[in-house]
Amino acid sequence: MSAKIKVATTSLAGCFGCHMSLLDIDERILALVELVEFDRSPLTDIKQIGACDLGLIEGGVANAENVEVLRDFRRHCQILVAVGACAISGGVPAMRNSFALADCLAESYVSGIGIHNPGVPHDPEIPLLLNQVHPLHEVVKIDYFLPGCPPSGDAIWT
Ligand code: SF4
């Protein structure tokens, strides 16, 4: 069994800015490689999560797939960290919470400025949107919160 800390990361309703901030640890990334092994993550492109010591999650919970992935991370990670404002409070994606979901869909696909191909898509491949965007801790137990938009590379390193 590996002596390295096994880490999984994912972006739910996020912009990947928190993941990009990880790269701001600069040359310390060489030390990181000695300390951790990445499991499921956009950094590895591994799609299924295995047993992990640490899960880092950016983004809010906006759709049914986000709920599924978040619960899967909770099941497989000993420690789960909400990384960034969207994961902690819903952040930018939760700005839609002030509006009815039907109005958001209409604005995006039917009546918004510059929409030329109207119609809300009904494709089973597209995850079902939740009525509201939720912070992670409203769906599963979160062990730690790392604030910022995004958290600094130094904060992530620490
Ligand atoms: Fe992007 Fe900021 Fe949200 Fe991170 S907290 S996913 S950087 S908007």
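Could you count how many residues in the range 122-158 are in a loop (DSSP other than H, G, I, E, B), acidic (D, E) and touching a residue at least 12 places away in the same chain (Cβ under 8 Å)? Spell out how you get there, then give the answer.
Keep residues of the range 122-158 that are in a loop (DSSP other than H, G, I, E, B), which gives 122-128, 135, 139-143, 147-152, 158.
Okay, now just the ones that are also acidic (D, E), so 123, 125, 143.
With touching a residue at least 12 places away in the same chain (Cβ under 8 Å) added as a condition, the list becomes 143.
Total meeting the criteria: 1.
Here I49 meets each of (1) within 22 Å of E138 (Cβ to Cβ); (2) out of contact with any Lys or Arg (no Cβ under 8 Å at 6 or more places or on another chain); (3) of a type in the set (V, I, T) with one exception, condition (2).
The single condition among (1) farther than 24 Å from I88 by Cα; (2) at pLDDT 95 or above that D26 does not satisfy is (2).
Name the single residue that is farthest from the chain's Cα centre (by Cα) among those in the range 131-158 being among the β-branched types (V, I, T) and more than 12 Å from the ligand (Cβ to nearest atom).
Narrowing the range 131-158 to residues among the β-branched types (V, I, T): 133, 139-140, 142, 156, 158.
The next check asks that each one be more than 12 Å from the ligand (Cβ to nearest atom); those that pass are 139-140, 142, 158.
Values: V139: 13, V140: 13, I142: 13, T158: 20 Å.
Across the range 131-158, the extreme among qualifying residues is T158.
Restricting attention to the range 110-121, which residues are in a loop (DSSP other than H, G, I, E, B) and not small (G, A, S)? If you could, list the steps in order and put the result at the bottom.
Our first condition is that a residue be in a loop (DSSP other than H, G, I, E, B); within the range 110-121, this holds for 112-121.
Within the range 110-121, I113, I115, H116, N117, P118, V120, P121 meet the criteria.
Please determine whether any residue of the range 24-47 is more than 24 Å from W157 (Cα to Cα), within 16 Å of the ligand (Cβ to nearest atom) and buried (at least 17 other Cβ atoms within 10 Å of the Cβ).
no
The values are calculated or read from the model by the stated rules, or taken from the named source; none is laboratory data. Note that this is a predicted model, so its numbers are computed, not measured. We place every Cβ from the backbone using ideal geometry, glycine too, and count neighbours over all the protein chains shown.
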